[in-house]
Amino acid sequence: MNNSIIVGLLHNTAILLALAMFYENFWLNNEDNKRIKAKLITGIILGGIGTILMFTPWVLEPGVVFDTRSVMLSIAGLFFGIIPTMIAIIITSLVRFYLGGEGIYMGIAVIITSGLIGVLWRTYRPHWKNKKYYFELLSMGIVVHLTMIACTVFLPQHLALPILKTVTIPALFVYSPATMLIGILMFRQSKNQENRQAQFKLIETERRLNYVLESGNIITLFLNTKGDIEYCNDYFLQITGYSKEEVINKNWFELFIPDNIKQSVYSIFIEGINAGAVTKKFENIILTKDKEELYILWNNIVLHSDEDKITGIASVGVDTTESKQYKKALIKKNEEILIQNEELSKAKEKAEESERLKSAFLANMSHEIRTPMNSILGFSDLLMNENLSIDKKEKYHQIVNSSGKRLMNLISDIIDISKIDAKQLTLEKRLFNLNTLIETLHGQFLIVASQKNIKLVNSKGLSDSESFINSDETRLSQIISNLLENALKFTKDGTIEFGYELVKNNLHFYVKDTGIGINKKDHQLIFDRFKQSDNGVLTVKAGSGLGLSISKGIVEMLGGQIWVESELNKGATFYFTIPKLWLLNNTDQKIIKSENKLELDCNNTATILIAEDEPSNYLYLEALLEHCPFNLIHVDNGKDAVEKFKTNASIDLILMDFNMPIMSGLDAIKEIRKSDKTIPIIALTAYAMAEDKEKALATGCSDYLSKPISKEILIETIQKALI
C-alpha cells in the first residue's frame, strides 16, 4: 500500500470523525431534528461530507478511486434515517457521476446500496441497540462491503478482477471494522446525550420536588418504617406550631395522632409497610402543639431503596380543616334548601296534578253531566204537554227521576274523588250490622240482576249476632255497590256472588262475576280514574270512570287493600280488605236494633219554620210534607228566620238552609242559639262533605240533611227531632 493510499485513508478517517462530531453537536443537541427543515439541512451536510470523501480518495488506477463513502452512507442511514440519507445519496451520486472515469457505475452503485442498507437496517433491526450492538454494527459493515465487492461487476471487464483482488481484503478487514468503530462512537455519543438529558431531567425534577415540598399550603412528610419523622417541610411546622428540632426523629403517632384514633391509624400504617402498598388517599385528624384539631387529607406512597427494600412512607397532605367546616355549614344550608325544595316540589306537583285533574274533569265530566241533564230538561218539557197519556207521563217521569239520580251520583263521585285527592275525605265510623248491610245491598241489586237473567247470591262469614262492627257504613256500602254495578254492567248472564269472610281478625270482601273478564295487563290500570280495560267490549256504557278509583281511595283510607283477579272471557273477582274489626256486646246490639225500628208518624201537628231562599226548593219541601198536618212558615233569608222565631213562640222545629242572602243560615243558627238552646234545628244544604256536617252540628244544629232530600229521610229526621 503506497503513501497516497495511506494519506487518503487518513483524510477519510478524519472526515468520518467529523461526521461523528456533527452527529453529536448538531443532530443530538438539536431539539428540532425531527422537523423536515432540519432533516433537509442534515441531508445536504451529509452529501457534502460524502463529496469531500470522494475528493480525498486513494487512487487504485487512473479513473478508478476508492474512499470511505460506503462507511459514511451506511452509518448515515442507520443513525440519521431515510430523508437525510436519501438526500446524501442523491448529492454524492451526482458528484460521482460528474467525476466520471471507468469506475463510475460501480461508484454510484456503492453509494446507493450503502445508504439503503443503513436505512433498511434501521427499519428492520429496530432493536439493534441492545447489549450486542457492536455485533450488529460489524454485521452491517460486512453486509455493506460485501455488497460493495459485488458491485465490481459494474467495472469494465479488464479492471474487474484486478480491483476485486485489491479491494476485497481492505473492504472486509478495514472498511467493515471502520464501520463498526464509527458506529460504536456515534452510539456512545447517543447514549451520553441520553444520560445528559436524563441528568438534566433529574436535576429539574429534584428542583421541582424541592419546590413542591417547601411550597406553601402543602404538607410533606417522610416517615421511616417505625413511624419516626425523618423529614417535614416548613408549612407543616407552621400550622402545627412546632420547631424542626421538636419534630425530627420523633414518633409521628405519639406526637400528632389523637388517642381515640391512634391504634386504627397505626394499624393502617403497619399494614401498608408490610404489604408494600399503603392507602393512597386517607384523611385523619392531627393535633397541633396547642392540642387543636386539624383535618389533613393525605396522599401516600411507599419508599424503596435501590435494593427494593421498603424504607418508609412519603406523604403529601392538604389541610382541609376550613373546607371541612365550610362543608358542614354547606351541608346544613343544603339541607335547609332541600327542605324548601321537599316543599316547593310537592307544591309544584300538587299544582300540576290539580291542573291535570281539572282538565280531566272538564273533559270527562262534560259528557257525563250533559247526558242526564239532556234527559231531565228534555223530558221535563215533554211532561208539560197536557195531552200526554198517563203511561207516557209515568215513563217520562221515571226517566227524569233516573237521570236525576244518575246526575246526583256523578256529583257525589266528583266530590269524593276531589276529597280523596286533597286527602280531605273523612270517615264517619259508627256501630252497624254488617250482615244487614249485605242483605240490604242484595235486595237493592236483585231487581236489576233478575231483569238481566243473572243469579245474584251473597255469602256472610259471620253470624248475625257476631257481625256488628264499628266502621263507616256508608263508605263500605259505596265500595260494594261500585263493585256490584261494574259486575252487572259487564256480565250478560250467569252468576254474581258477593260477600265477606273473617281471616285472622280481618274482613276480606269479594265480588265475583262470570262476565267478560279483564286483561291481565290492565289489572292495575282499571283503578286509575277514567281508565277501562281494553277488553274489546264497546257496547257497554263506560260511566264516569271514577267508581274503582274512589273505591281504591276509600279502601286505603280504611287501612286495607283492593285488587282484582281475572282473565279475559273468564269473569273477574274483586277483593278488598278491612284490617280491623270491632265486635259489640249484646247491649250495643239492642241499641242499634231499636234505632233501626223507628217508624214514620205523620199525625203530629207541629209548627215548622222553613228558611229557604230558593222558591222551587221550598215548594218541593211543601209537597213532601203535604200529607202531614204540619203548620209550615216560610222565610227566604237568615235575618227573617231569626225575627220570625223571636216573634212566634209556637214554632216547634226549624229547617234551615245554609246559603241565603242578608244573613247566612249558620249565622242565623248562632243568633237563635243565643236565646234558645233546645229547639230542634235541622240543617238543609247542598254541601255534602263530612266536615260540613260537623261544622253544622258544632254551630248548634240538631241534625243535618244534604240535598237532594228524599221524602222518607225528611219525615224520619223530623220525627226523630220532635220526639
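The values are calculated or read from the model by the stated rules, or taken from the named source; none is laboratory data. It should be emphasised that the depicted structure is a prediction, and the values quoted were computed from it without experimental measurement. Note that we place each Cβ from the backbone using ideal geometry, even for glycine, and neighbour counts take in every protein chain shown.
For segment 653-664, the count of residues that are in a helix (DSSP H, G or I) and not charged (D, E, K, R) is zero.
Among the conditions (1) over 19 Å from Cys232 (Cα atoms); (2) in contact (Cβ under 8 Å) with a residue 12 or more places away in the chain; (3) surrounded by fewer than 17 Cβ atoms within 10 Å (Cβ to Cβ), the only one that Asp290 does not satisfy is (1). Counting only residues that are within 21 Å of Ile518 (Cα to Cα), of a type outside the set (A, V, I, L, M), touching a Leu at 6+ places or on another chain (Cβ under 9 Å) and not in a strand (DSSP E or B), segment 448-499 holds 4 of them.
This table checks each residue for (1) at pLDDT below 90; (2) farther than 29 Å from Leu437 by Cα; (3) not in a strand (DSSP E or B).
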{"position": "Trp563", "(1), (2), (3)": "no, no, no"}
{"position": "Thr577", "(1), (2), (3)": "no, no, no"}
{"position": "Lys593", "(1), (2), (3)": "yes, no, yes"}
{"position": "Asn617", "(1), (2), (3)": "yes, yes, yes"}
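Check whether at least one residue in segment 69-89 is under 18 Å from His145 (Cα atoms), in a loop (DSSP other than H, G, I, E, B) and assigned by TED's automatic domain parsing to the domain that holds Gln189, and report yes or no. No; the residues of segment 69-89 include none that is under 18 Å from His145 (Cα atoms), in a loop (DSSP other than H, G, I, E, B) and assigned by TED's automatic domain parsing to the domain that holds Gln189. Within segment 408-431, can you find the residues that are under 17 Å from Asn482 (Cβ atoms) and aliphatic (A, V, I, L, M)? Within segment 408-431, Met408, Leu410, Ile411, Ile414, Ile415, Ile417, Ile420, Leu425, Leu427 meet the criteria.
Can we say Thr166 is in contact with a strand residue (DSSP E or B) (Cβ under 8 Å, 6 or more places away or on another chain), surrounded by 14 or more Cβ atoms within 10 Å (Cβ to Cβ) and either among the polar types (S, T, N, Q) or outside the structural domain of Arg69 (by TED's automatic domain parsing) (or both)? Answer is yes for this residue.
Tallying residues that are touching a helix residue (DSSP H, G or I) at 6+ places or on another chain (Cβ under 7 Å) and either farther than 18 Å from Ile52 by Cβ or surrounded by 20 or more Cβ atoms within 10 Å (Cβ to Cβ) (or both) within segment 96-115 yields 13. In the set (1) modelled with pLDDT under 80; (2) on the phi < 0 side of the Ramachandran plot, Met557 fails one condition alone, (1). If we keep just the residues of segment 226-247 that are without any contact (Cβ under 8 Å) to a residue 60 or more places away in the chain and among the acidic types (Asp, Glu), which is nearest to Gly317 (Cα to Cα)? The selected residue is Asp234. Just one of (1) within 28 Å of Gly571 (Cα to Cα); (2) among the hydroxyl-bearing types (Ser, Thr, Tyr); (3) crowded, with 20+ Cβ neighbours inside 10 Å fails for Thr440. It is (3).
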